[in-house]
Amino acid sequence: MANILTRMGDGERVQMSVSEVRDALLAGTHDAAQKGKIPELGSDELEQLLEIFLDKNRIVGVAPGEEVVLTHDIGTLRLMGDQANSGVGIPLSRLQGILVHERAFAADTMELGHIDYSFKPVKPIISMEMQEYETAAMMTIVPLFYGAMPNLGTYYRPDGPFGNPSDLLPQGKVREAREAQLEAAGHATRDMVYVSSKLHEVACEGINFDTTAAAGDADFYATLNAVAEIKKTMPEMAIEVGMAGEFILGMHGELFFNGQRLAGMYPHQQVKVVEEAGADIFGPVINTNTSRSMPWNVARAVTFVKHTVAVSSIPIHVNVGMGVGGVPVFETPPIDSTTRASKALVQIAKVDGL
Amino acid sequence: MQMHRKMKLPAAKKYVAERLKISVTDLSDEQVMREIREDLDIGIITSVPGSAKGMEAKARIAALLDLEISTVKRFRSKTFF
């Protein structure tokens, strides 16, 4: 049988035999099952995945009626930003960028976001954000989020006032590192609640906490506490929590939410605490391994996400972009890879959105 | 429906399809939805003078789906209806 043209996790083209692809799919689902202590994909699902990779068309898709909705991160930075934000450097205002997404890209939802895209720098210029949101909300039809990253790293020295765990831990100063993280988390929670409350004053439809837990369990802890507080005082404002990675790093190690230790959580465990905090949509991340093939990465992502969908009572919008969700770590992800990963996550993992 | 009622996608699609009196498959059919959007005046992709845009369309969608959209609610509170 002819070889299958696919890619490695860094995007490089490779040819694999059918048996090699079968082995990669099996190894990918096995790896996810072993790490997450969750069920592997069944033989029917592995065959379905094989068919997706056997398809000789460059672009693959789902059947009519199987389409899903899309939410975004990074706001309009993908148009006006530089490569660090996957931006293409088009000099547009944020309002113009939002309208381009709604009317030219036919986006299902959109978001406004600050050029730095973190909550902390938004705080001093929140009036500008409120003003921009008010204007955008009048001119758009699609649901409009405000997006930003919790980004606990900005609270540590030299960017912030608190000791940096990455400096303290190598010195053996575990207690000091933990204290610094707790203090930083408290400030981050207050900033996130403050920014959200000001946006609530202009009737913001939803907040997107993007790249959550990038700085480990304290980052996740700060975000969950912010979500719980926002939902208690502003219940009508929708909240999406999107993650930074598949695994919560235990930079602190002893942080709990509703009695559950946050360090070491995988997506199917993360979604349960996100639900308990009161969020409406969860965005799991599965990291792409550049040394492994796309069949291995996609099978692994589908295994994690399928179980996350199964245990979740809220909609799941899986992250499917550069370097996550079975998509190669490459600045302009090849369309054959993005469509195969998306199709697999929709048809087999049964996600509610991307 | 996902944002405000935590609905999973199949339930959300069913709800919207029932409110629009069409099938779930029709929801992503460009031809069907163009006509529905024109008939109900709830916003279309291309720019047609006189058609509902922005808040106008959003307010009509909120009523159609029996959904309280916060920006629509605020707009109503700032006007006289």
Residue list for the stretch A:324-347, restricted to those being open to solvent by 10 Å² or more (accessible area, probe 1.4 Å), touching a residue at least 24 places away in the same chain (Cβ under 8 Å) and assigned to a loop (DSSP other than H, G, I, E, B): A:Val329, A:Phe330, A:Glu331, A:Pro333, A:Pro334
Just wondering, is there one or more residues in the stretch A:69-78 that are among the basic types (Lys, Arg) and either within 14 Å of chain B (Cβ to nearest Cβ) or without any contact (Cβ under 8 Å) to a residue 40 or more places away in the chain (or both)? yes
Counting only residues that are open to solvent by 60 Å² or more (accessible area, probe 1.4 Å) and either more than 8 Å from chain A (Cβ to nearest Cβ) or of a type in the set (Phe, Trp, Tyr) (or both), how many does the stretch B:1-18 have? 4
Any chance B:Lys21 is loosely packed, with under 15 Cβ neighbours inside 10 Å and without any contact (Cβ under 8 Å) to a residue 24 or more places away in the chain: yes
Of all residues in the stretch A:297-323 being assigned to a loop (DSSP other than H, G, I, E, B) and not small (Gly, Ala, Ser), the one that is farthest from A:Glu51 (Cα to Cα): A:Ile314
Among the residues of the stretch B:47-60 satisfying the criterion of being part of a loop (DSSP other than H, G, I, E, B) and more than 8 Å from chain A (Cβ to nearest Cβ), which is nearest to A:Asp108 (Cα to Cα)? B:Ala52
Would you check which residues across the stretch A:7-25 are buried (at least 19 other Cβ atoms within 10 Å of the Cβ) and not hydrophobic (A, V, I, L, M, F, W, C) and list them? A:Arg7, A:Gly9, A:Gly11
Can you tell me which residue within the stretch B:61-79, out of those that are polar (S, T, N, Q) and loosely packed, with under 11 Cβ neighbours inside 10 Å, is nearest to the other protein chains (Cβ to nearest Cβ)? B:Ser77
Looking only at the stretch B:28-43, how many residues end up being assigned to a helix (DSSP H, G or I) and facing chain A (nearest Cβ under 8 Å)? 1
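Kindly indicate the residue of the stretch A:79-108 that is of a type in the set (D, E, K, R) and in contact (Cβ under 8 Å) with a residue 12 or more places away in the chain and also farthest from the other protein chains (Cβ to nearest Cβ) among those meeting that condition.
A:Arg94
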Does A:Leu26 meet the test of being under 28 Å from A:Thr332 (Cβ atoms) and either touching a His at 6+ places or on another chain (Cβ under 7 Å) or among the hydrophobic types (A, V, I, L, M, F, W, C) (or both)? no
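The values are calculated or read from the model by the stated rules, or taken from the named source; none is laboratory data. Owing to the predicted nature of the structure, the values given are computational and were not obtained by experimental measurement. Cβ: placed from backbone, ideal geometry, glycine included. Neighbour counts: every protein chain shown. Ligands, DNA and RNA are excluded from the accessible area calculation, which covers all protein heavy atoms including side chains. Shrake-Rupley method; radii C 1.70, N 1.55, O 1.52, S 1.80 Å.
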